[in-house]
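Worksheet: one structure, shown below.
The values are calculated or read from the model by the stated rules, or taken from the named source; none is laboratory data. Bear in mind the structure is a predicted one, so any value in this text is a computation, not a measurement. All Cβ positions, even for glycine, are placed from backbone atoms using ideal geometry, and neighbour counts span all protein chains on display. Heads up: the accessible areas ignore ligands, DNA and RNA and are worked out on the full protein's heavy atoms, side chains in. Shrake-Rupley method; radii C 1.70, N 1.55, O 1.52, S 1.80 Å.
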Amino acid sequence: MKKLLVCALLAAVMAAVPAFAKKSYVNGIDPNYPPFAYVDEKTGQPAGFDVDSLNWIAKNMGFEITHKPMAWDGIIPALVAKQIDMVDSGMSITPERAKVVEFSDPYWTVSRVFLVPANSTLTPQDVLTKKVKLGVQRGTSEANAIKQEQQEKGYPFELRFYESAPLAVEDLLNGRIEVALMDELPADDAISKGRGVKKAGTHGEPDKFGVAMRKDDKELQKLINDGYKKLMADPYWQELQKKYLNK
């Protein structure tokens, strides 16, 4: 009798479980990197070009996705430690990162720019030849690149590191730094919000963005690459660009 009861209970439990349960993944994001990824001040929810892109891919490729805001300089270690499954958050594809993680096919290209106060007369040449205070977000490809350039070429500027590009903009406006180096779209975001800044010019090679995943996660790599191909062929891709990137 007990065996029959146990079998009946097991059958009931199995019947309650969907035959094809969706896989769930966690995406690590920079909480303050507009317009690609950020936490919306009104809703408290993750938002941005990359967040909406991945939400669409998850819906159309049949998996569940959760976005987890976290410190940028610890995001790759978190991925390697399996605290998250991917990083789709405006991450530049670099040789150094590619030694540790596997990147998807590039989905966007962005230039690096020097951002200065609107009334500044600084030029890119001034930045590289004068003793100015230069701000940059720590853990980013532009931070690593400009630090290496300074060591190799002896640039006289003083580097200051920030947790996010918007925080560098705040110090730029408060006069604590004279120039900030960042990707062009976060700079455009600050300008569009009337922050009293302008682009002084570009610097270095453009960055290509990709989704970072663990090297052994071949199934997810295929899922993300196929998902982005499908998204880019859909009219929603243009809608996202218009909404977030003014394209």
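Just the residues that are in a loop (DSSP other than H, G, I, E, B) and open to solvent by 10 Å² or more (accessible area, probe 1.4 Å), please, taken from segment 46-62.
GLY62 - this is the single residue of segment 46-62 that is in a loop (DSSP other than H, G, I, E, B) and open to solvent by 10 Å² or more (accessible area, probe 1.4 Å).
Of (1) among the hydrophobic types (A, V, I, L, M, F, W, C); (2) surrounded by fewer than 19 Cβ atoms within 10 Å (Cβ to Cβ); (3) closer than 21 Å to GLY48 by Cα, VAL113 satisfies all except one. Which?
Result: VAL113 passes all but (2).
Report yes if some residue within segment 186-193 is open to solvent by less than 10 Å² (accessible area, probe 1.4 Å), among the acidic types (Asp, Glu) and assigned by TED's automatic domain parsing to the domain that holds SER120; otherwise report no.
no
Any idea which of (1) outside the structural domain of SER92 (by TED's automatic domain parsing); (2) over 26 Å from ALA118 (Cβ atoms) is the one ARG214 doesn't satisfy?
(1)
In segment 69-107, what residues are closer than 21 Å to GLN148 by Cβ, part of a loop (DSSP other than H, G, I, E, B) and open to solvent by less than 30 Å² (accessible area, probe 1.4 Å)?
GLY90, MET91, THR94, VAL101
Among the listed residues THR123, THR202, THR129, which satisfies the condition of being under 23 Å from TYR244 (Cβ atoms), of a type in the set (S, T, N, Q) and either without any contact (Cβ under 8 Å) to a residue 60 or more places away in the chain or open to solvent by 10 Å² or more (accessible area, probe 1.4 Å) (or both)?
THR202
Answer yes or no as to whether GLU102 is acidic (Asp, Glu) and touching a residue at least 60 places away in the same chain (Cβ under 8 Å).
yes
Sort out which residues of segment 156-185 are open to solvent by 50 Å² or more (accessible area, probe 1.4 Å) and either closer than 10 Å to PRO117 by Cα or hydrophobic (A, V, I, L, M, F, W, C) (or both), and write them in order of number.
If the condition is that a residue be open to solvent by 50 Å² or more (accessible area, probe 1.4 Å) and either closer than 10 Å to PRO117 by Cα or hydrophobic (A, V, I, L, M, F, W, C) (or both), then PHE161, LEU167, LEU173, ASN174, GLY175, GLU178 are the ones that fit.
Of all the helices (runs of 4 or more DSSP H) wholly in segment 118-222, which have at least 1 residues that are under 21 Å from PRO69 (Cα atoms)?
Once the helices (runs of 4 or more DSSP H) in segment 118-222 are filtered for at least 1 residues that are under 21 Å from PRO69 (Cα atoms), what remains is 141-153, 165-174, 184-192.
LYS222 - would you say it is within 19 Å of the chain's Cα centre (by Cα), of a type in the set (Lys, Arg) and surrounded by fewer than 13 Cβ atoms within 10 Å (Cβ to Cβ)?
Considered against the rule, which asks whether it is within 19 Å of the chain's Cα centre (by Cα), of a type in the set (Lys, Arg) and surrounded by fewer than 13 Cβ atoms within 10 Å (Cβ to Cβ), LYS222 comes out as no.
So which of ASP85, ASP52 ends up being at pLDDT 95 or above and within 13 Å of VAL211 (Cα to Cα)?
ASP85
Among (1) out of contact with any Asp or Glu (no Cβ under 7 Å at 6 or more places or on another chain); (2) under 22 Å from PRO31 (Cα atoms); (3) open to solvent by 30 Å² or more (accessible area, probe 1.4 Å), there is one condition ARG138 misses while meeting the rest; what is its number?
Among (1) out of contact with any Asp or Glu (no Cβ under 7 Å at 6 or more places or on another chain); (2) under 22 Å from PRO31 (Cα atoms); (3) open to solvent by 30 Å² or more (accessible area, probe 1.4 Å), the lone unmet condition for ARG138 is (1).
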